[in-house]
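Single-structure report; data block below.
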Amino acid sequence: MAKATWLAGVDVGGTTIKLAIFTEEGDFVKKWEVPTDTRDSGHNIPKDIAQTLHETLQLMDADFSFLKGIGVGAPGFIEVETGFIYHAVNIGWKNYPLKERLEKETSVPVFADNDANLAAAGEMWKGAGNGAQNMLCVTLGTGVGGGIISEGLVVHGAYGMAGEIGHITSVPEGGTPCNCGKTGCLETVSSATGIVRLAMEKIQTQKEGALYSLFNEKGTLTSKDVFDAAQQHDTIALDVVHEAMYQLGLAIGNLANSLNPNVIVIGGGVSRAGEYLLKALHPHFNRFALPKIAEETTLRIANLGNDAGVIGAAWLVKQNSMRR
Ligand code: ZN
């Protein structure tokens with residue numbers, strides 16, 4: 001039997017499952033993806049993962065015995081010790097024993113965690129975190145995902161709910177309803193969706209400028225349109241970027257005061273605004289963080305893109321196999 005040295009990383013999303021095989025050092029051996037079969041409450045997914053892993057290993061003259069473990073990230077609430085998924089809305093899993101099912105299919109140890117936590121771990125290990133042992137990762141996409149790394153480990157809290165940075169309350173009274181059931185969460189303001197919503201609100205009343213014209217032309221807007229227009233000094237866009245970055249700076253400033261990270265990594269689609277985003281965010285962060293913390297903390301754009309999840313999943317295997 002071959003010595004099990006490879007790490008498998010799997011990132012289960014609502015439309016695709018991303019997979020990769022890594023060396024123990026975290027270098028890619030192979031990377032691919034398959035569609036997510038959400039029929040039948042996602043019941044076929046462990047079989048599909050086992051099948052595609054098996055086929056890919058075979059192409060490399062290998063088999064499951066080459067794998068040290070399989071790390072899996074999924075969106076939703078996960079009990080990390082047991083790999084039990086309470087609820088993963090986009091996938092269909094509810095009270096689903098993911099670890100147990102996938103171990104049965106592969107006979108390889110399986111470790112699971114929330115996808116935002118694993119994206120943070122990925123950025124820590126191989127990305128913008130650059131090995132930082134204390135790190136926050138905020139993913140600005142359709143929603144706002146968060147992961148907290150403290151002293152080299154993902155923080156889970158009592159029920160695995162830690163790191164839900166997107167649901168920090170930014171607008172205590174009269175805020176917009178959030179998917180979580182509350183109102184005024186950071187996610188309703190600083191996500192791609194939140195940024196577009198703020199822009200649409202302003203366009204209804206101000207009806208002028210480049211962003212307004214673009215909306216009339218396209219009938220729709222993206223967060224990229226807003227950032228692009230802000231860089232061209234459009235008044236509405238500048239206001240929206242200011243509001244989104246003010247709320248993000250307030251949230252991460254407060255978090256930094258509690259957690260004292262070395263690095264705060266900003267990822268997700270909105271982070272493609274890059275240096276411009278950091279420039280807009282910095283003054284707010286500096287205002288709300290303690291002076292010493294503002295001075296010492298580095299704000300950085302994520303650099304692993306869509307690979308962060310599978311890399312973090314491989315890190316999870318490495319982490320667990322070192323512990324055993
Ligand atoms: Zn919320």
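The values are calculated or read from the model by the stated rules, or taken from the named source; none is laboratory data. Here the structure is a predicted model, which means the values were calculated and not measured. Backbone-built Cβ (ideal geometry, glycine too); neighbour counts: all protein chains shown.
In this structure, is residue 269 within 19 Å of residue 246 (Cα to Cα), touching a residue at least 60 places away in the same chain (Cβ under 8 Å) and in contact with a helix residue (DSSP H, G or I) (Cβ under 8 Å, 6 or more places away or on another chain)?
yes
Does residue 185 satisfy the criteria of being surrounded by fewer than 20 Cβ atoms within 10 Å (Cβ to Cβ) and more than 23 Å from residue 317 (Cβ to Cβ)?
So residue 185 does not fit the description; no.
Look at the range 86-101 and say how many of its residues are within 19 Å of residue 317 (Cα to Cα) and either of a type outside the set (A, V, I, L, M, F, W, C) or assigned to a strand (DSSP E or B) (or both).
Selection size over the range 86-101: 4.
Of the residues 36, 15, which is exposed (fewer than 14 other Cβ atoms within 10 Å of the Cβ) and under 24 Å from residue 119 (Cβ atoms)?
Result of the check over 36, 15: 15.
Filter the range 160-170 for residues that are without any contact (Cβ under 8 Å) to a residue 40 or more places away in the chain, surrounded by fewer than 20 Cβ atoms within 10 Å (Cβ to Cβ) and in a loop (DSSP other than H, G, I, E, B) and give the result.
Passing the criteria: only 162.
Would you please list the contacts, defined by Cβ atoms under 6 Å and residues six or more apart or on different chains, that run from a residue in the range 177-203 that is under 15 Å from residue 220 (Cβ atoms) and in the same structural domain as residue 143 (by TED's automatic domain parsing) to a residue that is within 16 Å of the ligand (Cβ to nearest atom) and modelled with pLDDT of 95 or more?
Listed by first residue and then by second, the contacts come to 195/244.
Would you pick out the residues in the range 18-33 that are closer than 19 Å to residue 113 by Cβ and among the aliphatic types (A, V, I, L, M)?
The answer is 19, 20, 21.
Yes or no, residue by residue, for (1) without any contact (Cβ under 8 Å) to a residue 24 or more places away in the chain; (2) surrounded by 15 or more Cβ atoms within 10 Å (Cβ to Cβ); (3) over 14 Å from residue 137 (Cβ atoms):
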{"site": "276", "(1), (2), (3)": "no, no, yes"}
{"site": "279", "(1), (2), (3)": "yes, no, yes"}
{"site": "285", "(1), (2), (3)": "no, yes, yes"}
{"site": "288", "(1), (2), (3)": "no, yes, yes"}
{"site": "292", "(1), (2), (3)": "yes, no, yes"}
{"site": "297", "(1), (2), (3)": "no, yes, no"}
{"site": "302", "(1), (2), (3)": "no, yes, no"}
{"site": "311", "(1), (2), (3)": "no, yes, no"}
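Among strands (runs of 3 or more DSSP E) lying entirely in the range 1-85, which contain 2 or more residues that are more than 30 Å from residue 179 (Cα to Cα)?
6-12, 16-22, 28-35, 67-74
Is the range 42-49 home to any residue that is loosely packed, with under 14 Cβ neighbours inside 10 Å, in the same structural domain as residue 116 (by TED's automatic domain parsing) and under 20 Å from residue 311 (Cα atoms)?
no
Checking the condition of a type in the set (Asp, Glu), on the phi < 0 side of the Ramachandran plot and at pLDDT below 95, which residue from 208, 217, 243 passes?
Just a single option satisfies the conditions, and that option is 208.
Tell me, yes or no, whether the range 179-198 has at least one residue that is more than 16 Å from the ligand (Cβ to nearest atom) and in contact with a Leu (Cβ under 8 Å, 6 or more places away or on another chain).
Checked the range 179-198: at least one residue is more than 16 Å from the ligand (Cβ to nearest atom) and in contact with a Leu (Cβ under 8 Å, 6 or more places away or on another chain).
Answer with yes or no whether residue 120 is modelled with pLDDT under 95, part of a helix (DSSP H, G or I), within 15 Å of the chain's Cα centre (by Cα) and crowded, with 17+ Cβ neighbours inside 10 Å.
Against the criterion (modelled with pLDDT under 95, part of a helix (DSSP H, G or I), within 15 Å of the chain's Cα centre (by Cα) and crowded, with 17+ Cβ neighbours inside 10 Å), residue 120 does not qualify.
When the range 162-174 is examined, which residues are found to be closer than 24 Å to residue 114 by Cβ and either within 10 Å of the ligand (Cβ to nearest atom) or of a type in the set (Gly, Ala, Ser) (or both)?
162, 163, 164, 166, 167, 168, 169, 170
Only one residue in 175, 181 is over 11 Å from the mean Cα position of the chain (by Cα) and at positive phi. Which one?
It is 181.
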